[in-house]
1. Hey, could you check the stretch 100-113 for residues that are of a type in the set (Val, Ile, Thr) and under 22 Å from the mean Cα position of the chain (by Cα) and say which is surrounded by the fewest Cβ atoms within 10 Å (Cβ to Cβ)?
2. When both residues are 6+ apart or on different chains and their Cβ atoms are under 8 Å apart, which pairs have a first residue that lies in the stretch 312-336 and is within 16 Å of residue 410 (Cα to Cα), and a second that is in a loop (DSSP other than H, G, I, E, B) and among the aromatic types (Phe, Trp, Tyr)?
3. Among the residues of the stretch 25-42, how many are assigned to a helix (DSSP H, G or I) and crowded, with 23+ Cβ neighbours inside 10 Å?
4. Has the stretch 319-338 got any residue that is modelled with pLDDT under 90, in contact with a Leu (Cβ under 7 Å, 6 or more places away or on another chain) and part of a loop (DSSP other than H, G, I, E, B)?
5. Taking the condition of being surrounded by 23 or more Cβ atoms within 10 Å (Cβ to Cβ) and farther than 13 Å from residue 428 by Cα, how many residues in the stretch 75-99 meet it?
6. Looking only at residues that are surrounded by fewer than 18 Cβ atoms within 10 Å (Cβ to Cβ) and of a type in the set (S, T, N, Q) in the stretch 413-452, which one is modelled with the highest pLDDT?
7. Mind listing just one residue for me: the one in the stretch 212-238 that is of a type in the set (A, V, I, L, M) and free of Cβ contacts under 8 Å to residues at least 12 places away in the same chain and, of those, surrounded by the most Cβ atoms within 10 Å (Cβ to Cβ)?
8. Output yes when any residue across the stretch 192-207 is among the β-branched types (Val, Ile, Thr), touching a Ser or Thr at 6+ places or on another chain (Cβ under 8 Å) and touching a residue at least 12 places away in the same chain (Cβ under 8 Å), and no when none is.
Amino acid sequence: MIFALCSFLFIVLATVTFNLAGGFSRPSGSYVFFYSVLAVILGLFWKAVLGEPGDSNLSQPNLTMEIYVGSMLAMMGAVAVSRRLTLKKPLLANMVTDANMQNATVGCLVAGVVLYGAILMSDGQMTGSVLSALGQVNRFVPMAIILGSIYEIRRTGGRRSVSLWVLLAMSVLFALGILGFSKEGIFMPVACWLVAIGSQGYRVSRLQFASLIFFFFIAFHYLVPYAQYGRNFAEPTLAGNIRVAANLMSDLEKVRQDYEKTNLDYYEGQTQHYYTTSQGFMNRLQMISVDDSLIDLTEKREPIGPLPLIMGFENLVPRFLWPDKPVVNFGNVYAHEMGGLSADDNTTGISFSPSGEAYHIGKWVGIFLWAPLLWIMLFTVFDSLCGDTRVEPWGLLMAAYFAHVAPEGMLGGIIYALGYVTFGLVFAAFAAAYLMPILGSMIKGPEQVAVRRATMAQSIPARVRPLRSGSLGQY
């Protein structure tokens, strides 16, 4: 009864908080959506589909859901406070115009490819270098997808959303995901395109919709198992990873079968899991079970205190400035505390939601003090930088980023975003506004078509006008 009531309250509070934040029109709204849906709601939904009680297979079901409700209340308060602190005029407003957006797209693509190429060619020998720091803030290729898609929609009056440059950028990012065995890299190109077309109110054609369905089928059926399984064979060099990727990609069906067997053995060997039987990728689209395990551990021991937060801020100092900087993967630490890893495994990291870590750090003090303080900083910074995602493109990059970090980035992911991601966003915005158009012009020549900046209701046909204010984020 308590679990069901808390589940209902969480969904209601998540809806209110999402709309209070401005829906998808603000980076804060994107964070609320992806945290609530991918950490909790989708897991509850799938339990209902399977016909299993929502509180089954959990050690602390009522307390876990009470913590989620408390976290959403704290997040609602953080949104309310941040709205008062957020600048009325975003700091990155009006930096890229429609007139130079195409050249900015080309420049971002070229710069991103050059940086990625330099990092890959270093074969892991760049730790502590300036190149390593640049790699941390390299957001150019995703930015090229977003800028290029918006430009194409506005240039064609909503008839097209993909140009040659957008296709090249998506291909580069997808290839990096394949070579790096990264699910985020595999899905990021489509995520960037979706947030870009969504911001412009673009209507997806039947062919595009069918292509999306086909992509997600291939991605979930083959590429997710490929990424998970391939990590076991990853090499420290680019040439080695190319060989491994080519070998695995030659027989994706066998890779999928091997992964499912390995995953099933691992699932059955776990002491706790949310679904009675393994649900494949759906196992990872919820954080309830792992948070419950961490919460149960916290109830049996004392909370560890704010040390992870302190070390998270210390970690923002670049290694080329602090060569001996200690780096601790607290997901690995918590997994060892829970007894889920061997004693000599210092690399595997287990993801938890911000709520699970907040409770492990300080119980209810963590939920109602440490977590909301970080959320206030996060929402204020990115809403002040990006503004309305329907007008400025920068918040769209953050929406795609939050899809990963909001549900499973823990509190450390928030701190990382406040440091490296903030710097990377500002760096990308200024480069895209002042440097990339020049670089793009050198590569492809000056713009041939000038597109008027969106007065949306006048310069763009009705089929690509954005939704009216207040309606964008309702769910």
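1. Applying the first criterion (of a type in the set (Val, Ile, Thr)) to the stretch 100-113 yields 105-106, 110, 113.
With the extra rule that they be under 22 Å from the mean Cα position of the chain (by Cα), the set shrinks to 105, 113.
Working: 105: 31, 113: 18.
Taking the candidates together, the pick is 113.
2. That search, which allows pairs on different chains as well, returns 331/352; 334/352.
3. Of the residues in the stretch 25-42, 12 are assigned to a helix (DSSP H, G or I) and crowded, with 23+ Cβ neighbours inside 10 Å.
4. no
5. Residues of the stretch 75-99 surrounded by 23 or more Cβ atoms within 10 Å (Cβ to Cβ): 75, 78-79, 82, 96.
So of that shortlist, the ones also farther than 13 Å from residue 428 by Cα come out as 75, 78-79, 82.
Here the count works out to 4.
6. Ranking the candidates gives 441 first.
7. 218
8. yes
The values are calculated or read from the model by the stated rules, or taken from the named source; none is laboratory data. Only a predicted model underlies this, so the values are computations on that prediction, with no experimental measurement involved. Heads up, the Cβs are rebuilt from the backbone with ideal geometry, glycines too, and the neighbour counts pull from every protein chain shown.
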